[in-house]
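> This is the structure, below, for whatever I ask next.
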Amino acid sequence: MVKVHAAKTLAEASLVRGSLVAAGLEVQLRGMSRPGLAGEIPIPDATVDVWTKQADAEAAFALLAGLDAK
């Protein structure tokens with residue numbers, strides 16, 4: 001598995017996950033409780049991470065780059 005995005009909120013992670021799943025990629029969200037710990041743990045570590053299979057990572061990065069451009 002490869003981490004393809006670090007979201008600051010669960011809502012952001014869910015939107016990213018939805019976009020990747022709609023493209024046919026298998027996705028996992030990890031660290032869903034971390035944003036609520038901001039301040040208790042360092043802010044940069046308080047992310048929800050979006051992971052996909054190694055074989056899908058290139059497609060995921062390309063899709064996410066397209067979303068960022070919009």
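> Take the residues in the stretch 4-20 that are outside any helix (DSSP H, G or I) and under 10 Å from residue 51 (Cα atoms), then tell me which one is least open to solvent (accessible area, probe 1.4 Å).
At the first step, the residues of the stretch 4-20 found to be outside any helix (DSSP H, G or I) are 4-9.
If we keep only those that are under 10 Å from residue 51 (Cα atoms) too, we end up with 4-6.
Numbers: 4: 14, 5: 46, 6: 48 Å².
The qualifying residue least open to solvent (accessible area, probe 1.4 Å) is 4.
> For the stretch 3-52, which positions are in contact with an Asp or Glu (Cβ under 8 Å, 6 or more places away or on another chain), modelled with pLDDT of 95 or more and either of a type in the set (Val, Ile, Thr) or on the phi > 0 side of the Ramachandran plot (or both)?
52, the sole residue that qualifies.
> Taking interchain pairs and intrachain pairs at least six residues apart, which have beta carbon atoms under 6 angstrom, with the first residue in the stretch 21-38 and of a type outside the set (Gly, Ala, Ser) and the second at pLDDT below 85 and open to solvent by less than 70 Å² (accessible area, probe 1.4 Å)?
Note: pairs meeting the criteria are 34/46; 35/46; 37/46.
The values are calculated or read from the model by the stated rules, or taken from the named source; none is laboratory data. All values derive from a computational prediction rather than experimental measurement. Backbone-built Cβ (ideal geometry, glycine too); neighbour counts: all protein chains shown. Accessible surface is based on the protein model in full, side chains and every heavy atom, while ligands, DNA and RNA are left aside. Shrake-Rupley method; radii C 1.70, N 1.55, O 1.52, S 1.80 Å.
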